[in-house]
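Report on the structure given below.
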Amino acid sequence: MDGQELLSRVARQSDETEFYTPMPAGYKPGKTRYVIVVGTVMSGLGKGIFSSSLAKLMQDRGLVVSPIKLEGYLNIDSGTLNPFRHGEVFVLDDGMETDMDLGTYERMLDKNLTRDNFATSGQIFTRVLERERRGGYLGRDVQWIPHVTGEVKARIRELAVRSGADVVFVEIGGTVGDYENSYYIEAMRELAFEEGPNSTIWVALTYVMQPPALGEQKSKAAQLGIKRLMEAGVQPAVIACRCETPVTEKVREKISLYTNVPMARVFSMHDCKSIYEIPQMIRKAGLDAEAVRLLELEPRTDAAKSERFWTQWQGYVEGIRNVNESDREVVIGITGKYTALRDSYASIIKALEHAGVHYGVRVEIRWIDTSDLDDTPGKAKDVARALEGVHGIIVPGGFGARGSEGKIACIHYARENGLPYLGICFGFQMAVLEFARNVCGLPGAYSSELEKRVDGDAVIDILPEQKRIEGLGGNMRLGGRDIELKPGTMAHEMFGRQATFRMRFRHRYEVDPRYIETLESHGMVFSGKAPDQPIMQILELPGHPYFIGTQAHPCLTSRPLRPQPMFMGLVRTSAERAGVPVAEQAVGS
Ligand code: GLN
């Protein structure tokens, strides 16, 4: 019985069978191929980077690709996770709060993803338990195998149907040997068997150690890690070896010998300056061609078109190299609570890189700890010192009071000294407070998120009546929304004079509409609003070289070949302040 036969057999469910493989409506066995990426030895090696790079190369061949990340944790989504521990929460257009890896996929593939592309154990178990309550298991005791694994397979096949993908990339979180991820590996092993030969390839990402004391590469941990995967019944087709330096022939031979993987598919994925170089490394090693061959896939586009995509991408990678070697440097200060972990600001860092490459300048990030700063006149010197040598500043999204007075002080300085400013979500709200306090004569302006008060002006507040209009279950405003742009403003100009522009949101608080008139009469322009409600979404200050804020997160939709305009504006005006000439690079043209 081969995989195809099995598939048709298990598709007929009855209470007699040991199989449990729910098939989503419209699923065509044999149509979709699967690339399953698992990690061994340790996590954090860049499974998402490898997977998205290979997916990009397949997409360049005209194939439709769709990734899915399988998270082991029991949370339903990433919304409640602390970015300090888990990296930023990446919000998709449909409002799903996901792991930062989804950001890597969206940027690499230049494609919006949906909640279908993100699964957690919490989601899987919810479905199992709901189905059990509905009596969906035909009198059976509900077990890890086949029921929980069956639910995982169903999720993957649903994605295949809805995305119409030629190739689904399944990235399993964590590493082989984690309890919480083992059932995902088992589910994918079953799926690979059911789908039959040439339907699936497994990629094992592993780590080749290079202890400084020994001065040579060691493959033992990698061998043991892959062995563990093989014990689970999985034969990898490709092994991607992470290492600080190119993995030697000898070490690759050893790994090949112990794992039944030919040398051509033992790939050295050594450190490089930018993750955007990985597609080049994969292509050079011929790995994408190998993957396509193993999966018996035909390209869907002509070679000239593929080549054009490739040239564009290389142009971008070249651009990164050029700016990294360039002395045209612009320093952007980012204030933030999570200054210790760059992962919590991954999208902002990437968006700055995209804009920097576009203008041919190297963006140097300076982290500014604002916890010891505030806006009292006595502290003005400290603020000026903290911002010395900074050509532009970002106050990013955030929750909570820590450092907020210091952020307001930095914004005050930026506004009065013509320092380019971009306020993102929380940074938008803080800019409104600063302006209300120091320009509109409302010294008691505050945000009710940060302080509970009976006096003063809650200029930033939670507005339940607006939430009701929005009809949201929870009280967080989440996901992509169109923003109505005010003609004649900088934002309108920046977004190509379109009537609306779409960005992604994740916030609870906003400007209380009762203060809009006061703020506007003192010179703040709200250049972007929600189309049918008085929710302010973009602000700007005419007369300032660049002072802009948005209640949205523009960083989430910046792409290498399509930098986000608000970041482009910040980088361009900051370069002007730095006296650095900007050149528009021919990337993406
Ligand atoms: N804490 C603020 C709010 O909930 C800002 C949120 C954010 O920056 N993402 O409105």
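The values are calculated or read from the model by the stated rules, or taken from the named source; none is laboratory data. Remember, it's a predicted structure, so these values are computed and weren't measured experimentally. When we count neighbours, we look across all protein chains shown, and the Cβ atoms used for this are built from the backbone with ideal geometry, even at glycine. In case anyone asks, the SASA skips ligands and DNA or RNA and just uses the protein heavy atoms, side chains included. Shrake-Rupley method; radii C 1.70, N 1.55, O 1.52, S 1.80 Å.
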Fill in: Reachable lysines from Lys153, criterion Cα separation under 27 angstrom, eight or more residues apart if same chain
Lys28, Lys31, Lys47, Lys56, Lys69, Lys111, Lys227
Item to complete: Starting from the Cα gyration tensor of region 172-251, take the square roots of the eigenvalues, sort them a ≥ b ≥ c, and report rounded, prolate or oblate (rounded when a/c is under 1.5, otherwise prolate if a/b is larger than b/c, else oblate).
Response: prolate
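Classify region 438-550 from the C-alpha gyration tensor, please: rounded if a/c falls under 1.5, else prolate or oblate depending on whether a/b exceeds b/c. List each step's numbers first, then the result.
Working: a/c = 2.21, a/b = 1.13, b/c = 1.96.
Oblate, because a/c is 1.5 or more while a/b does not exceed b/c.
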Response to the item:
The simple spin-label model distance between Glu364 and Ile76, using points 7 Å out along Cα→Cβ, in nm, is 4.7 nm
Worksheet item: Between Glu244 and Arg300, how many nm apart are label points set 7 Å from Cα along the C-beta direction?
Response: 4.3 nm
Worksheet entry | Calculated FRET efficiency for the pair Val439/Ala401, C-beta based, R₀ 22 Å, to 0.05 | 0.45
Worksheet entry | Ranking by accessible area, most exposed first, for Arg308, Arg366, Arg133, Arg61 with a 1.4 Å probe | Arg133, Arg308, Arg366, Arg61
Fill in: ³J(HN,Hα) computed for each position of region 129-141 - Karplus, 6.51 cos²θ - 1.76 cosθ + 1.60, integer Hz, glycine/proline x
5, 5, 5, 4, 5, 7, x, x, 9, 6, x, 7, 6
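Could you work out how much longer the chain between Glu484 and Arg562 gets when fully extended? Use 0.36 nm per residue separation minus the Cα distance between them, nm to one decimal. Walk me through the intermediate numbers first.
On the way: separation 78, 0.36 × 78 = 28.08 nm, distance 2.11 nm.
Residue separation times 0.36 nm, minus the Cα-Cα distance, leaves 26.0 nm.
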Worksheet item: Which lysines, on any chain, are close to Lys381 with Cα under 25 Å apart, when same-chain ones fewer than 8 places away are left out?
Response: Lys337, Lys407
Fill in: Order by protection proxy (mean Cβ within 10 Å, highest first), peptides 209-218, 384-393
384-393, 209-218
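Could you work out the relative contact order of the chain, using alpha carbon pairs under 8 angstrom and six or more residues apart, expressed as a whole percent? All intermediate terms of the calculation are to be shown ahead of the outcome.
On the way: 1173 pairs, mean separation 85.9, N = 589.
Here the relative contact order equals 15 percent.
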Practice prompt. Please calculate the 1.4 Å probe accessible area of Cys272, with all protein chains present, and give it to the nearest 10 Å².
Written response: 50 Å²
Worksheet item: According to the square roots a ≥ b ≥ c of the eigenvalues of the Cα gyration tensor, what is the shape class of region 1-150, taking rounded for a/c under 1.5, prolate for a/b larger than b/c otherwise, and oblate for the remainder?
Response: oblate
Worksheet entry | Dipole of the chain, positive direction: furthest Cα of Ala401, Gly441, Tyr183, with charges on the beta-carbon | Tyr183
Worksheet entry | Contour minus Cα-Cα distance for Lys220 and Asn417 (0.36 nm per residue) | 65.1 nm
Practice prompt. Write down Rg/Rh for the chain, rounded to two decimals, with Rg from the C-alpha atoms and Rh from the Kirkwood relation over Cα pairs.
Written response: 1.00
Worksheet item: Amide H to amide H under 5 Å from Gly62: which residues, 5+ apart in sequence or cross-chain, H placed 1.01 Å off N in plane?
Response: Arg300
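Pop out the carbon and sulfur fraction of the accessible area of the chain as a percent, whole number, probe 1.4 Å.
Values: 12290 of 24140 Å².
Result for the chain: 51 percent of the exposed heavy-atom area is carbon or sulfur.
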Worksheet item: Which of the listed residues, Pro545, Ile334, Val361, is farthest toward the dipole's positive end in the chain, when Lys, Arg count +1 and Asp, Glu count -1 at the beta-carbon?
Response: Val361
Item to complete: For region 421-429, take each phi angle, set θ = phi - 60°, evaluate the Karplus expression 6.51 cos²θ - 1.76 cosθ + 1.60, and give the result in whole Hz per residue in order, putting x for glycine and proline.
Response: 9, 10, x, 10, 6, 4, x, 5, 5
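Full-extension gain between Asn198 and Lys284, please, as 0.36 nm times their residue separation minus the C-alpha to C-alpha distance. Spell out each step's value before the answer.
Values: separation 86, 0.36 × 86 = 30.96 nm, distance 2.33 nm.
Stretched fully, the Asn198-Lys284 segment lengthens by 28.6 nm.
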Worksheet item: Say each of Arg514 and Glu318 gets a label point 7 Å from the Cα, pointing the same way as Cα to Cβ; how far apart are those two points in nm?
Response: 5.9 nm
Fill in: Whole-Hz ³J(HN,Hα) from phi, Karplus 6.51 cos²θ - 1.76 cosθ + 1.60, for region 519-530, glycine and proline x
5, 5, 5, 9, x, 7, 10, 8, 8, x, 9, 5
Worksheet item: To the nearest 0.05, what FRET efficiency results for Lys273 and Asp141 with a Förster distance of 51 Å applied to their C-beta separation?
Response: 0.40
Worksheet item: Which residues' amide hydrogens lie under 5 Å from the amide hydrogen of Met503, considering only partners 5 or more residues apart or on another chain, with H built in the peptide plane?
Response: Arg481, Ile483
Fill in: Only Lys, Arg (+1) and Asp, Glu (-1) charged, at Cβ; the chain dipole about Cα centre in debye
780 debye
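Summing Lys, Arg as +1 and Asp, Glu as -1, what charge do residues with Cβ under 14 Å from the Cβ of Ile201 carry, Ile201 excluded? Mind showing how you got there, number by number?
Values: positive: Arg33, Arg189, Arg265, Arg293; negative: Asp166, Glu171, Glu195, Asp288, Glu290, Glu296.
Result for the neighbourhood of Ile201: -2.
Sorting Glu16, Glu180 by accessible area (1.4 Å probe), largest first, what list results?
Details: Glu16 150, Glu180 100 Å².
Order by accessible area, largest first: Glu16, Glu180.
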